[in-house]
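The block underneath contains the structure these notes are about, expressed in structure tokens.
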Amino acid sequence: MPAKSKAQQKAAGMALSAKRGETNKSALEGAAREMYDTMSEDELEEMASTPRKGKPEHDSD
């Protein structure tokens, strides 16, 4: 599933970094923490790798 906004993409990137052990999971907050707990590494990678061009900063939904 592709990211709907830049903020969602950033959160997915942070969660992916923690899943891979590159970042401490205690540093995660909000959406990034929820994504870490509920999504697989493959799902996070797909969301974080979404092209940013044309994405709003935040999703309106």
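Tally the residues that are outside any helix (DSSP H, G or I) and exposed (fewer than 11 other Cβ atoms within 10 Å of the Cβ), restricting the search to the stretch 1-51. Selection size over the stretch 1-51: 7.
Within the stretch 24-37, the only residue that satisfies the criterion of being among the hydroxyl-bearing types (Ser, Thr, Tyr) and either over 15 Å from ALA48 (Cβ atoms) or touching a strand residue (DSSP E or B) at 6+ places or on another chain (Cβ under 8 Å) (or both) is SER26. Taking every residue in the stretch 7-24 that is at pLDDT 95 or above and pairing it with any residue that is among the β-branched types (Val, Ile, Thr), at least 6 positions away or on another chain, the pairs with Cβ-Cβ distances below 6 Å are SER17/THR23. LYS55 satisfies every condition listed in (1) assigned to a helix (DSSP H, G or I); (2) buried (at least 16 other Cβ atoms within 10 Å of the Cβ); (3) touching a helix residue (DSSP H, G or I) at 6+ places or on another chain (Cβ under 6 Å) except (1).
The values are calculated or read from the model by the stated rules, or taken from the named source; none is laboratory data. No experiment lies behind these values; they were computed from the predicted model shown. As a convention, Cβ positions derive from the backbone with ideal geometry for all residues, glycine included, and neighbour counts pool all protein chains shown.
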